[in-house]
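Everything on this sheet refers to the single structure shown next.
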Amino acid sequence: MQLLDGKKVSEDIKNEIAAEVQKMRDKGEKVPHLAAIIVGNDGASLTYVGSKVKACERVGFESTLIKMPSTTSEKELLKKIEELNQDTNIDGFIVQLPLPPQIDTQEVLMAIDPSKDVDGFHPENFGKMALDMSTFIPATPFGILELLERYNVQTQGKHTVVIGRSHIVGRPMSILMGRKGFPGNSTVTLTHSHTKNLNQITSQADIVISALGVPNFLKAEMIKDDAVIIDVGITRVEDPTTEKGYKIVGDVDFENVSKKASYITPVPGGVGPMTIAMLLKNTLLARENGIK
Ligand code: GUN
């Protein structure tokens, strides 16, 4: 079994990005600037956004974190988005999800200028992705593609089973694995809460990408020998023995599944750090393509 070490690969990518930023600095050019909006006080979301901002510092980007109260109205959030759309100093920005229930997520995502939509969630960018056009690819699927590519994991002609159809991970992942090229050229099955006989389907998979958010869901009995296992789950589970009082648990029963798999991502240290690295990569692309 070979570990797909997202921590290490994400460090490599961040070093590559930092070198690009240094070149910009040396030439006296403006360095990339990422902004993130977070609405409310969800602990996990605050942690993720905090990591994104910290990663910006690490590679030499500028960053702006905008915290808005959980009572923020949709109109107030849309106003803030319009400000960021107009701000020529900001190359790209994200609105951390999920949003409080009084706000319509789709309306918010559609308000983001597609040229600054480094999450790749705007319908224009999502559509371009589906049509093989050059665009921002959502950071988590982009990170998984990058891991597969850098470890030269073969995807052509393989059966990829994606578990979970979220707009952020499962849906785009299913599109990307079926696209022409590498990584891609896979035969894809997208499974979800209405899928019947999931075990039967996962047992036929060469590659399983689990983005469900149910700790230890994928068991060794559900996969075939030498399958490639990508674990996107990052659920917080109470653990009084840790300093923070919780630990992060993936969708995959790592201890047993890793004995059968050919490649597997750990949690933590797999897909999570790759997501952040690819958000930075998209921000660098936004800066390079931008007319500033
Ligand atoms: N919430 C969970 N993952 C993501 C992500 O990739 N981007 C945003 N904006 N919110 C998220």
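The values are calculated or read from the model by the stated rules, or taken from the named source; none is laboratory data. Since the model is a prediction, treat every value here as computed from it, not as a measurement. FYI the Cβ positions are ideal-geometry reconstructions off the backbone, even for glycines, and counts take in every protein chain you see.
For the stretch 218-233, check the following and say yes or no: at least one residue is surrounded by fewer than 20 Cβ atoms within 10 Å (Cβ to Cβ) and either touching a strand residue (DSSP E or B) at 6+ places or on another chain (Cβ under 6 Å) or among the aromatic types (Phe, Trp, Tyr) (or both). Scanning the stretch 218-233 turns up no residue that is surrounded by fewer than 20 Cβ atoms within 10 Å (Cβ to Cβ) and either touching a strand residue (DSSP E or B) at 6+ places or on another chain (Cβ under 6 Å) or among the aromatic types (Phe, Trp, Tyr) (or both).
Checked against the criteria, Thr160 does not count as without any contact (Cβ under 8 Å) to a residue 60 or more places away in the chain, over 18 Å from Val232 (Cα atoms) and either surrounded by 18 or more Cβ atoms within 10 Å (Cβ to Cβ) or polar (S, T, N, Q) (or both). Look at (1) in contact with a Leu (Cβ under 6 Å, 6 or more places away or on another chain); (2) within 16 Å of the ligand (Cβ to nearest atom) and you find that Ser174 fails only one, number (2). Of all residue pairs spaced 6 or more apart or on separate chains, those with beta-carbon atoms under 9 Å, a first member in the stretch 208-219 that is β-branched (Val, Ile, Thr) and a second member that is assigned to a loop (DSSP other than H, G, I, E, B) are Val208/Ile223; Val208/Ala227; Val208/Ala261; Ile209/Gly164; Ile209/Val169; Ile209/Val232; Val214/Gly233; Val214/Asp251. Among the residues of the stretch 225-255, just one is free of Cβ contacts under 8 Å to residues at least 24 places away in the same chain, part of a loop (DSSP other than H, G, I, E, B) and touching an Asp or Glu at 6+ places or on another chain (Cβ under 9 Å), namely Gly245. One residue alone among Thr160, Thr140, Thr155 is among the hydroxyl-bearing types (Ser, Thr, Tyr) and within 16 Å of the ligand (Cβ to nearest atom), and that residue is Thr140. Of the residues that sit in the stretch 33-51 and are hydrophobic (A, V, I, L, M, F, W, C) and not in a helix (DSSP H, G or I), which one is farthest from the chain's Cα centre (by Cα)? Top of the filtered list is Val39.
Scanning the stretch 111-121 for residues that are surrounded by fewer than 21 Cβ atoms within 10 Å (Cβ to Cβ) and within 14 Å of the ligand (Cβ to nearest atom) yields one hit, Ala111. Please verify whether the stretch 281-288 includes one or more residues that are at pLDDT below 95 and within 28 Å of Asn15 (Cβ to Cβ). Checked the stretch 281-288: at least one residue is at pLDDT below 95 and within 28 Å of Asn15 (Cβ to Cβ). Of all residues in the stretch 25-63, those being in contact (Cβ under 8 Å) with a residue 60 or more places away in the chain, among the small types (Gly, Ala, Ser) and under 23 Å from Glu82 (Cα atoms) number 2. Taken together, the residues in the stretch 57-103 that are of a type in the set (A, V, I, L, M, F, W, C), within 15 Å of the ligand (Cβ to nearest atom) and touching a Pro at 6+ places or on another chain (Cβ under 8 Å) amount to 0.
A single member of Thr105, Thr135, Thr155 is surrounded by 14 or more Cβ atoms within 10 Å (Cβ to Cβ) and either within 30 Å of Ser262 (Cβ to Cβ) or over 18 Å from the mean Cα position of the chain (by Cα) (or both), and it is Thr155.
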